[in-house]
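Below you will find the structure I want to go over with you.
The values are calculated or read from the model by the stated rules, or taken from the named source; none is laboratory data. Keep in mind that what you see is a predicted model, and the values were worked out from it rather than measured. Here the Cβ positions follow ideal geometry from the backbone for every residue, glycine too, while neighbour counts run over all protein chains shown. Remember, those area values only see protein heavy atoms, side chains included, never the ligands or the DNA or RNA. Shrake-Rupley method; radii C 1.70, N 1.55, O 1.52, S 1.80 Å.
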Amino acid sequence: QKEVEQNSGPLSVPEGAIASLNCTYSDRGSQSFFWYRQYSGKSPELIMFIYSNGDKEDGRFTAQLNKASQYVSLLIRDSQPSDSATYLCAVRDYKLSFGAGTTVTVRA
Amino acid sequence: DTEVTQTPKHLVMGMTNKKSLKCEQHMGHRAMYWYKQKAKKPPELMFVYSYEKLSINESVPSRFSPECPNSSLLNLHLHALQPEDSALYLCASSPKGGFARAGTEAFFGQGTRLTVV
């Protein structure tokens, strides 16, 4: 079983819609959870991090963590064409491990 | 300021060459990382330095040699690489390392695009 798994993409959403990204992890000892955005040919950019169960909101982004279910998600509200990118879920125990990524395309 | 600076941005080297990648951060972060990323794949961890000591080596071949001269600098020395080593090499840093819960968010530099010919 992979350490971090993301829902397979690509994900295509119309402009203004909500994009929902999901991630599960295998290690119950994981402490910290991150979402990165990566544009093609660029490096990953940290957009959200969450440590505790529940929701964390930052602008149009909401991260949700459920440690009992070993599940973390990212919601992008009012999606914009500039949100088109690959979104990487990352989970940390003693090291930061990445999921394979979900490519999101926002249609204008 | 959340800037991690990597040089060079692009590097082409032959299989017999020796080169070095450099990474610098002035945020007072105490953990620094090297990742390798192939096209359409997620970043793969290579090395972690925590408080200037090598804490993780993910079974990386010896042709890659990391060095942490001080808390702000991280180098990756390259020697006798193979064409399959061509990739984007990413440096990252985080405020804390080890098993800390908070303060482990990693910030990435822009990467060095390495091509081995």
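Using the heavy atoms of the protein chains alone and a 1.4 angstrom probe, what is the accessible area of chain A per residue in square angstrom?
45 Å²
Could you please state how large a percent of the accessible area of the protein assembly as shown is carbon and sulfur, counting protein chains only and using a 1.4 Å probe? Walk me through the numbers before you get to the answer.
Values: 5240 of 10630 Å².
Carbon plus sulfur share of accessible area: 49 percent.
Based on C-alpha coordinates, I'd like the Rg and Dmax of the protein assembly as shown, in Å.
Here Rg and the maximum Cα pair distance are 17.6, 52 Å.
Something else: With a 10 Å cut-off between alpha carbons and a GNM built on chain A, which of A:VAL13, A:VAL72, A:VAL91 moves the most?
Its mean-square fluctuation being the largest, the pick is A:VAL13.
For segment B:61-78 and segment A:42-108, what is the centre-to-centre distance using only Cα atoms, to the nearest Å?
If we compute the Cα centre of each part, the gap is 30 Å.
Starting from one equal scatterer on each C-alpha and no solvent at all, send me the Debye-based log10 I(q)/I(0) for chain B at q = 0.22 Å⁻¹, two decimals.
Values returned for q = 0.22 Å⁻¹ are -1.27.
Would you mind finding the longest exposed-site-free stretch of chain B, with exposed trypsin sites (Lys or Arg not before Pro) meaning DSSP loop and at most 10 other Cβ atoms within 10 Å? Numbers along the way, then the final one.
Values: sites that count: B:LYS9, B:LYS40.
That gives B:41-117 as the longest site-free run.
Taking only protein heavy atoms and a 1.4 Å probe, what accessible area per residue, in Å², does chain B have with all protein chains in place?
Working: 5730 Å² over 117 residues.
For chain B, the per-residue accessible area is 49 Å².
Same structure again: Which value, in Å² rounded to 10, gives the accessible area of A:THR86 with a 1.4 Å probe and all protein chains present?
Per-residue accessible area (A:THR86): approximately 40 Å².
Which loop GluC sites (Glu not before Pro) in segment B:45-114, with loop taken from DSSP, have no more than 13 other Cβ atoms within 10 angstrom of their Cβ?
Sparse-neighbourhood loop GluC sites (Glu not before Pro): B:GLU58.
Normalised radius of gyration for segment B:1-62, please: alpha carbon Rg relative to 2.2 N^0.38 Å, two decimal places. Display every interim value, and only then the final one.
Numbers: Rg = 13.3 Å, N = 62, 2.2 N^0.38 = 10.6 Å.
Normalised by 2.2 N^0.38 Å, the Cα Rg of segment B:1-62 equals 1.26.
Are there trypsin sites (Lys or Arg not before Pro) in segment A:1-61 that DSSP puts in a loop and that have at most 16 other Cβ atoms within 10 Å, and which ones?
Counting only loop positions with at most 16 other Cβ atoms within 10 Å, the trypsin sites (Lys or Arg not before Pro) in segment A:1-61 are A:LYS2, A:ARG28, A:LYS42, A:ARG60.
So, one more: In segment B:27-62, what residues drop by 10 Å² or more of accessible area when the other protein chains are put back, versus the chain on its own? Use 1.4 Å, and skip ligands and nucleic acids.
SASA drop of 10 Å² or more in segment B:27-62: B:TYR33, B:TYR35, B:GLN37, B:PRO42, B:PRO43, B:LEU45, B:ILE56, B:GLU58.
Same structure, new question: What quantity of accessible surface, computed with a 1.4 Å probe and excluding non-protein components, is buried in total between chains B and A, in Å² to the nearest 100?
Approximately 1900 Å², summed over both chains.
A further question on this structure: Over all distinct alpha-carbon pairs, what is the Kirkwood Rh of chain A in angstrom?
Taking every pair of different Cα atoms in chain A, averaging 1/r and inverting gives 13.8 Å.
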